1. Please give the charge dipole size of the chain, origin at the Cα centre, charges +1 on K and R Cβ atoms and -1 on D and E Cβ atoms. Round to the nearest 20 debye.
2. Using θ = phi - 60° and the Karplus relation 6.51 cos²θ - 1.76 cosθ + 1.60, list the HN-Hα couplings for region 54-70 in order, rounded to whole Hz, with x at every Gly or Pro.
3. Over the chain, with the other protein chains present, what is the accessible area per residue in square angstrom, probe 1.4 angstrom?
4. Which length gain, in nm to one decimal place, applies between GLN84 and ARG121 when the Cα-Cα distance is subtracted from 0.36 nm times their residue separation?
5. Any chance you could run the full-extension gain for LYS136 through LYS67? It's 0.36 nm times the residue separation minus the Cα-Cα distance, nm to one decimal.
6. Stokes-Einstein at 20 °C, 1.002 mPa s, Kirkwood radius from Cα pairs: D for region 1-56 in µm² s⁻¹?
7. Which GluC sites (Glu not before Pro) does region 47-122 hold that lie in a coil by DSSP with at most 11 other beta carbons within 10 Å?
8. What is the percent carbon and sulfur in the accessible area of the chain, measuring with a 1.4 Å probe over the protein chains and ignoring ligands?
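The values are calculated or read from the model by the stated rules, or taken from the named source; none is laboratory data. All of these numbers come straight from a predicted model, not from anything done at the bench. Quick reminder, even Gly has a Cβ in these numbers, built from the backbone with ideal geometry, and neighbours come from all protein chains shown. Remember, those area values only see protein heavy atoms, side chains included, never the ligands or the DNA or RNA. Shrake-Rupley method; radii C 1.70, N 1.55, O 1.52, S 1.80 Å.
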Amino acid sequence: MIYGFSFEYPTDCKLEFNPKFKREEGDVALKWPQNFTVFISWGPLGRLKKSMTLEDHANFSLDRIKKGVQGKISTIERKETEVQGHKCLFNHVRVEVPRRGILGGKSQYHEVRSLHLHCERSSRYFVIYGTTTVEKSEQQGATVSNVIKSFKCH
């Protein structure tokens with residue numbers, strides 16, 4: 001448990017905290033030996049715009065990914081779920097990352113899974129997410145799912 005929230009991870013997993021993290025906000029990377037990384041980010045609910053719903057927050061995050069890679073996003077799965085009594089939004093998307101340069105070439109594809117959670121009790125939002133290649137998607141999906149299932153926000 002750190003700063004009032006917890007999650008389970010295997011003993012062969014390495015934790016890396018952002019050096020500037022604190023109780024109010026921060027992020028941690030969970031690095032698996034199989035080259036999977038799952039991130040947990042958190043921050044104060046008050047920082048989100050007053051009218052920003054859970055869905056708005058998730059869409060904002062996906063828009064940032066799209067702009068960052070300047071590619072296309074295809075939704076594979078989007079569903080409401082529940083974690084510790086909170087309504088959450090889970091997204092699984094495929095991102096087409098175009099090749100740049102004079103030679104061009106085929107685009108690369110990555111898959112991103114994310115869960116957005118707003119916890120009024122702790123006055124924080126949490127985002128759990130992971131990115132991988134299409135080839136490792138199934139394994140990484142199970143990894144993200146296990147972190148989500150064990151997550152406790154308060």
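1. Details: 25 positive and 17 negative charges, 95 e Å.
Result for the chain is approximately 460 debye, rounded to the nearest 20.
2. Listing the rounded values in order: 4, 5, 4, 4, 5, 5, 4, 5, 5, 5, 5, 5, 4, 5, x, 9, 6 Hz.
3. Numbers: 9310 Å² over 154 residues.
Spelled out: the 1.4 Å probe surface of the chain, per residue, equals 60 Å².
4. Working: separation 37, 0.36 × 37 = 13.32 nm, distance 1.11 nm.
Answer, rounded to one decimal: 12.2 nm.
5. Values: separation 69, 0.36 × 69 = 24.84 nm, distance 2.37 nm.
Length difference between fully extended and current span is 22.5 nm.
6. On the way: Rh = 13.0 Å.
After rounding, the answer is 165 µm²/s.
7. On the way: sites: GLU55, GLU77, GLU80, GLU82, GLU96, GLU111, GLU120; in loops: GLU120.
Those satisfying the criteria are GLU120.
8. Working: 4560 of 9310 Å².
Carbon plus sulfur share of accessible area: 49 percent.
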